[in-house]
Amino acid sequence: MKSRSTVAAICAVVALAVGGMVPTLDAHAQAQPTLNQSTANAGDEVPGVKIPDSKLARDAAQLIRDSEGDFLFQHSTRVYYWAALAGKRKGLAFDPELLYVASMFHDFGLTAGYGQSHLRYEVDGANAARDFLRSHGVSEANSQMVWLAIALHTTNGISANLFPMAALVAEGANMDLVGAGYDDFTVAQRSAVEAAHPHPPQFAEDFMQALYDSLKHRPETTQGTGLADVMAYKDPGFVRRDFSKLMRNSHWATGK
């Protein structure tokens with residue numbers, strides 16, 4: 001992988017800040033291609049950006065397609081393209097394989113397997129991605145970087161100030177969902193991504209329904225993110241948390 005030493009160094013600093021210890025680095029397992037190329041949609045679909053042609057990428061694509069279905073698979077693939085294109089435009093150093101895995105797993109927590117989870121769906125996806133990377137021999141440092149990129153991708157104002165992969169996953173997701181940074185991409189780039197992986201006509205409504213279906217049993221986990229807006233849109237009875245009210249009614253404020 002490119003920029004391995006730089007990536008590992010950055011991740012060590014981040015891991016120290018969030019976990020209190022520096023992870024041990026392992027060698028990244030490499031293998032020859034074994035799956036059908038179309039599984040990962042690899043190729044020259046979007047000029048300047050390729051989906052990595054590696055066992056890690058193909059295994060990730062196969063798992064995501066099988067678990068999420070085509071709708072979320074296509075969304076996640078577009079997120080990778082937007083993220084990689086943005087990274088190249090900005091001259092950021094990132095590992096395409098790790099960026100691809102992070103992009104593909106960023107919505108994994110919405111899948112049916114988490115129908116009983118009461119973690120934030122972002123954390124469920126981050127945990128799954130980290131387990132996947134560990135099973136493929138990826139270093140703990142790089143696995144933790146992917147974890148952070150996924151776990152924080154809906155928390156505005158944080159990812160952009162971390163390492164490039166975290167910033168790019170959040171940027172790619174926001175571009176695909178709400179068109180954030182739309183004009184920063186050329187017409188040719190937008191057309192190429194749309195031609196390869198087009199948005200369905202009712203993408204916004206279908207995506208919000210997918211979010212709601214996956215989060216309605218754990219609405220408390222949406223507080224503080226844009227996901228709370230989706231809950232309020234889909235459920236008139238949903239009540240957003242009021243932090244000011246929490247402070248005014250706390251034991252400290254009431255003396256009770």
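Numbers below:
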| read-out | value |
| --- | --- |
| Burial ordering of 114, 100, 182, 233, fewest other beta-carbon atoms within 10 Å first | 182, 233, 114, 100 |
| Those lysines that a straight Cα-Cα span of less than 16 Å connects to residue 234, excepting residues fewer than 8 apart in one chain | 216 |
| Zero-based 10 Å bins, Cα pair distances in segment 196-246, whole percents | 24, 46, 20, 7, 1 |
| Neighbour-count order for 248, 58, 190, fewest beta carbons within 10 angstrom listed first | 248, 190, 58 |
| Segment 161-222 versus segment 66-121: alpha-carbon centroid distance in Å | 10 Å |
| Spherically averaged projected area in nm², based on the convex hull that wraps the Cα atoms of segment 80-191 | 7.4 nm² |
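None of the figures in this text is laboratory data; all of them are computed from the coordinates on show. Note that this is a predicted model, so its numbers are computed, not measured. Please note: Cβ atoms are built from the backbone with ideal geometry, for glycine as well, and neighbour counts cover all protein chains shown.
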